[in-house]
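K.L.:
What follows is a single structure, and I will ask about it in a moment.
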Amino acid sequence: MEIHIPTPLRAYTDKQETVSVEGATVAEGLAALTAAHPAMQQHLFTAEGKLRSFVNVYLNEDDVRYLPNKEDSPVSPTDELTIIPSIAGGAHSLCCSR
Amino acid sequence: MSLLLSKDLYQQLRTHGEETYPHECCGILLGKSSGDNLHVTVLIRAGNTRTDSAHNRYNIAPQELIKAQREGRKQGLDIVGFYHSHPDHPAQWSPTDFAEAHWFSCAYVITAVEQAAAQITNSFLLTGTSEEDKAFVPQFIAIE
């Protein structure tokens, strides 16, 4: 499968935008990615090994968190995984509203 | 590191904030990192999924980010930043902006909008390499 890497994490994949790995499930694909690029581990996972809350992983068009088998979802060699950190914010917590 | 963009793109992101007022607008900036600068060449408007609190919160759906990333790949571009507006608030990053910032080395552009008129636009570069050492650094916006 191919894993698409977002801009800020390419520093840890030797600047590769896409990394090809082997694995039968999403979890195996991510494990292969971090095995090949160990620095990715801390950026994707917590110390407890859970996917960080702000890291979204999509299997083709589907958010892995909402798939029935989540990270144990099966993948085929032609599937694509996309890692995409969340983007959010807003002015609500600014102290100095005018 | 400066943020380089055309006058037209600069105007587009400010206009977006005026159009969505009193709600926050948001969008994605495609371009390239060149030397010490981020050069923006494409602006993609995004929907604000925070319809529950759109006047002071924003969120871009991951699907829109993935679509933008794919579009970037086609054009040989990367996601180099994001923009959003602060209706009736300063063009300064908020604690929420900081807590929710995870795109290192990318630009976070904020436009203050008062009474549907764009005011100051600032850009902040997210520096650092992890949640523990990240920081927002003011970034010069160079209009080409």
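The values are calculated or read from the model by the stated rules, or taken from the named source; none is laboratory data. Worth saying up front: this structure is predicted, and the values here are computed from it rather than measured. Virtual Cβ from ideal backbone geometry, glycine too; neighbours counted across all protein chains shown.
K.L.:
Would it be correct to say that A:Met1 is touching a Phe, Trp or Tyr at 6+ places or on another chain (Cβ under 6 Å) and at pLDDT 95 or above? Break it down into steps so the answer makes sense when it comes.
P.N.:
Values: touching a Phe, Trp or Tyr at 6+ places or on another chain (Cβ under 6 Å): no; at pLDDT 95 or above: yes.
So A:Met1 fails the test.
Conditions (1) crowded, with 18+ Cβ neighbours inside 10 Å; (2) touching a helix residue (DSSP H, G or I) at 6+ places or on another chain (Cβ under 7 Å), marked per residue:
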residue	(1), (2)
B:Thr49	no, no
B:Tyr83	yes, yes
B:Trp93	yes, no
B:Cys106	yes, yes
B:Thr111	yes, yes
B:Ala116	no, yes
B:Phe124	yes, no
B:Ala142	no, no
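K.L.:
I'd like to know if region A:62-85 contains one or more residues that are part of a helix (DSSP H, G or I), out of contact with any helix residue (DSSP H, G or I) (no Cβ under 7 Å at 6 or more places or on another chain) and not small (Gly, Ala, Ser). Please lay out each step first, then the result.
P.N.:
So in region A:62-85, the residues part of a helix (DSSP H, G or I) come out as A:64-66, A:70-72.
Still in the running and out of contact with any helix residue (DSSP H, G or I) (no Cβ under 7 Å at 6 or more places or on another chain): A:65-66.
Pick out the ones that are also not small (Gly, Ala, Ser) and you get A:65-66.
Checking region A:62-85: at least one residue is part of a helix (DSSP H, G or I), out of contact with any helix residue (DSSP H, G or I) (no Cβ under 7 Å at 6 or more places or on another chain) and not small (Gly, Ala, Ser).
K.L.:
Determine if region A:77-90 includes at least one residue that is of a type outside the set (S, T, N, Q), out of contact with any strand residue (DSSP E or B) (no Cβ under 9 Å at 6 or more places or on another chain) and surrounded by 15 or more Cβ atoms within 10 Å (Cβ to Cβ).
P.N.:
no
K.L.:
Where in region B:34-144 are the strands (runs of 3 or more DSSP E), entirely inside, with at least 2 residues that are touching a strand residue (DSSP E or B) at 6+ places or on another chain (Cβ under 9 Å) and more than 9 Å from every other protein chain (Cβ to nearest Cβ)? Working first, answer last.
P.N.:
On the way: elements: B:37-46, B:58-60, B:78-87, B:107-114, B:117-127, B:135-139, B:141-143.
Those strands (runs of 3 or more DSSP E) span B:37-46, B:78-87, B:107-114, B:117-127, B:135-139, B:141-143.
K.L.:
Another one. Could you figure out which of (1) part of a strand (DSSP E or B); (2) farther than 10 Å from B:Tyr83 by Cβ; (3) within 14 Å of another protein chain (Cβ to nearest Cβ); (4) not hydrophobic (A, V, I, L, M, F, W, C) isn't true of B:Pro22?
P.N.:
It fails just one condition, (1).
K.L.:
Turning to a different aspect of this structure: Given the options A:Ala35, A:Ala27, name the one that is away from every other protein chain (no Cβ under 11 Å), surrounded by fewer than 19 Cβ atoms within 10 Å (Cβ to Cβ), hydrophobic (A, V, I, L, M, F, W, C) and in contact with a helix residue (DSSP H, G or I) (Cβ under 7 Å, 6 or more places away or on another chain). Quick ask: steps written out before the conclusion?
P.N.:
Details: A:Ala35 fails: in contact with a helix residue (DSSP H, G or I) (Cβ under 7 Å, 6 or more places away or on another chain).
Residue meeting the stated conditions: A:Ala27.
K.L.:
Still on this structure: Residue check: is A:Asn56 of a type outside the set (Val, Ile, Thr), under 10 Å from the mean Cα position of the chain (by Cα) and at pLDDT 95 or above? Even if it seems obvious, please write down each step before you answer.
P.N.:
Details: of a type outside the set (Val, Ile, Thr): yes; under 10 Å from the mean Cα position of the chain (by Cα): yes; at pLDDT 95 or above: yes.
Here the answer is yes, as A:Asn56 does meet what is asked.
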